[in-house]
Amino acid sequence: MNAWVECGHRSSPLVADTPLKSAIECDTARVNAAQRFEFFQEWHSDIMDVTLTQGETVTFEAREKIWRIADIAFASIDCPTTHSLHWEHKKKPAVDNWVVTVKDSGACSSTNDPPRRRLRIANLAARSACESEGSLIALFLPYGAVDAPLYPEIADDAAEFLADYLVLLHRNLAHLKLSNVPRIAEATTHMLAAALSPSCEKLVQAQAPIDAVITTRAIRMIDTKVADADLSPESLCRAIGVSRSRLYRIFERAGGISNYIRRRRLLKTRRMLADATNTQSISQIAEGSGFTDPSSYSRMFKREFGLSPKEARAMGWEGIQHPASPGINEIDGVSTLNTLLMNNSLGL
């Protein structure tokens, strides 16, 4: 049974601006219910033995996409949450790649905390087994690309950082171009090397993906605490554990971290003002979004959007779309992984 479905034409010339598409797509829905799990097993039969430990084979619906990023294979596997799988490395695998899997374990008890992610790193040539349920992402990289022990140990903070990076990369795959592939592959390899065998040199080489993760963590914290009047660059540095100078450097292209926080607050109030069901006064909306001075808020709002909060509310309630503020939807040239991911994260 041929479980792999090739997408596109390998002989087509590579055009720099061509979007990166998945190289392989698999879906158990293309076979009858009785054969679906067998079909899924066949996908991975050369590198993994997969068994079903919970759930019925006739209800097994799974979809898998694989992207080729130079020597890296990046897989997204969507399986039913009602089914549990047991994955075991083959005794004689066809390849000896590193395999890194990431599984989100749901929201934390506090909305101020980041989502917990389960990360696992192993080599296919090493005997190993694990369990999974639901969706996960996986990265496959040739063993020789990273110098690390066959059975590596990784610190918890490094594992969480690598997991955040892979989730970020997964979310941005739709925005990648073929011209981005060499840089993405290089940055991802450096990130994995820094996690598996950290050193000053490897951390310097992985600076771009590390900065991308810091950016997304900072944005997540800002969005969570945007209504907190005490939110500041200093409190943000403490919360995400980075130096003030690094945070300022990362957000320099967004006009600075203070400007970015202010803009996120203004955008929040603009959405609230446009909501006809929101009966709060303008001053209440401003205060609830971290602005302590109504007059200053009105001046900043008009400078950002070209109209007053009162005018914005009237337009929104009449169903008229607000004009965008300068620069919000502009995307400049992509030259590094950091630029790409930060553009998408910052909305530039």
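Some observations on this one:
- For 234, 186, order by how many other beta-carbon atoms lie within 10 Å, fewest first: 234, 186
- With a Förster radius of 35 Å applied to the C-beta separation of residue 25 and residue 150, the computed FRET efficiency comes to 0.65.
- Footprinting exposure proxy for 151, 260 (fewest neighbouring C-beta atoms within 10 Å first): 151, 260
- Shape of the range 130-198, Cα gyration tensor, a/c cut at 1.5: oblate
- Shown here is the pair-distance distribution of the range 91-229: with all Cα-Cα distances grouped in 5 Å bins from zero up to the longest one, the shares run 2, 9, 17, 22, 20, 15, 9, 4, 1, 1, 0, 0 percent.
- Cα-Cα pairs of the range 24-153 separated by more than 23 Å (percent): 36 percent
- Expressed in Å, the radius of gyration and Dmax of the Cα atoms of the range 159-296 are 18.2, 56.
- Sum of side-chain charges, residue 80 neighbourhood, beta-carbon under 12 Å (Lys, Arg +1; Asp, Glu -1): -2
- For residue 303 and residue 275, a Förster radius of 22 Å and the Cβ-Cβ distance give a FRET efficiency of 0.45, rounded to the nearest 0.05.
- Over 32 Å between alpha carbons, listed pairs 21/202; 21/103; 177/202; 91/177; 202/268; 65/225: 91/177; 202/268; 65/225
- All alpha carbon pair distances within the range 237-301 were sorted into 10 Å bins beginning at 0; the resulting P(r) in whole percents reads 20, 40, 27, 12, 0.
Laboratory data are not the source of any read-out in this text; all were calculated from the coordinates shown. Being a predicted model, the structure only gives us computed values, none of them experimental. Neighbour counts run over all protein chains shown; Cβ positions are idealised from the backbone, glycine included.
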